[in-house]
Amino acid sequence: MRRRQHVSAQLSETDVAQFISDETTLNEGEALMAIRQLHKVLLRALLNGQSVKLGNWGYFGLSINSEGVEKKSDLTARNIKQVNANFRAGEELKAEEILLRQTVSQTTQSAKVAPFVLFL
């Protein structure tokens, strides 16, 4: 079984918009608007029972935790205990994860620094 380890540093929405603007013809405001629109589209689709696939990156979807019932028809909103938003990495990110692990491993071995692991 894999143990999940998380990288503690996070980029903000504004940081991501800045990186996008640095590498595209979008200015920072336009990039930020695109990110916020993506959020709205994701939310709308998930609330409509759809999953959202983003190319080879992976997809977003919802899952529920509920009390068990005998038949599917017996499941009601009262049985639902928790709704989870999930992201499942696609082949592109999984391949990049392997490269990231190799790079981190080589860097930490030569620098004698504790490695970090990113599970996608």
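Every number here is computed from the coordinates shown, using simple stated rules; none is lab data. None of the values given here were measured: they were computed from a predicted structure. Reconstructed Cβ throughout: ideal geometry from the backbone, glycine too, with neighbour counts over all protein chains shown.
Modelled label positions at THR76 and ILE64, each set 7 Å beyond Cα in the direction of Cβ, lie 1.2 nm from each other. Extension gain, ARG36 to ALA9: 0.36 nm times the residue separation minus the Cα-Cα distance gives 7.6 nm.
Would you please give the FRET efficiency between SER51 and ASP22, computed as 1/(1 + (r/R0)^6) with r the Cβ-Cβ distance and R0 = 25 Å, to the nearest 0.05?
Values: r = 31 Å, r/R0 = 1.23.
So, using R0 = 25 Å, E works out to roughly 0.20.
Computed from backbone phi, the HN-Hα couplings of the stretch 40-52 come to 4, 5, 4, 4, 4, 5, 4, 5, 8, x, 9, 9, 10 Hz, rounded to whole numbers (Karplus: 6.51 cos²θ - 1.76 cosθ + 1.60, θ = phi - 60°; Gly and Pro given as x). Sorted ascending by nearby beta carbons within 10 Å, beginning with the fewest, LEU93, LEU100 become LEU100, LEU93. The lysines whose alpha-carbon is closer than 29 Å to the alpha-carbon of LYS53, local same-chain residues fewer than 8 away aside, are LYS40, LYS72, LYS81, LYS94.
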